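Since the structure comes first, as structure tokens, the remarks are kept for the end.
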Amino acid sequence: MIKLDHRIKNLEQDIAFLQTELLDLELRKEAAELFGDKTTAGNYEKDMAEITATLQRMQHDLAALDPALSFATLIR
């Protein structure tokens, strides 16, 4: 049970980190557009898709580990 609780806590921390990364990515894109950095701005869609997919997988994993979260995640 302790191992499961530890896994849940780690997933929650990773999810919070990725949510912050999504916000940071948006800010980096805006800055890149302001300064004409086409490479960073161009990678935005790819980076956003990768982070979003990883975030969704982690949320699914968390829901599978924590039954109280399962229903809420499934209805999203």
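Here's the picture: charge each Lys and Arg Cβ at +1 and each Asp and Glu Cβ at -1 in the chain, and of I2, Q59, F35 the one pushed furthest to the positive end of that dipole is I2.
Estimated from helices alone, the mean residue ellipticity of the chain at 222 nm is -32500 deg cm²/dmol (sum of -39500 (n - 2.57) over DSSP H runs with n ≥ 4, per residue).
Dipole magnitude for the chain: about 260 debye, using +1 per Lys or Arg Cβ and -1 per Asp or Glu Cβ, origin at the Cα centre.
Quick one: grab the alpha carbon gyration tensor of the chain, order the square roots of its eigenvalues as a ≥ b ≥ c, and give me rounded if a/c is under 1.5, else prolate or oblate depending on whether a/b is larger than b/c. Could the numbers behind the result be given before it?
Details: a/c = 3.79, a/b = 2.65, b/c = 1.43.
Note, shape of the chain comes out prolate.
FYI, it's all coordinate maths here, none of it is from the lab. From a predicted model like this one, the values you see are computed outputs, not experimental measurements. Here Cβ is always computed from backbone atoms with ideal geometry, including for glycine, and neighbour counts include all displayed protein chains.
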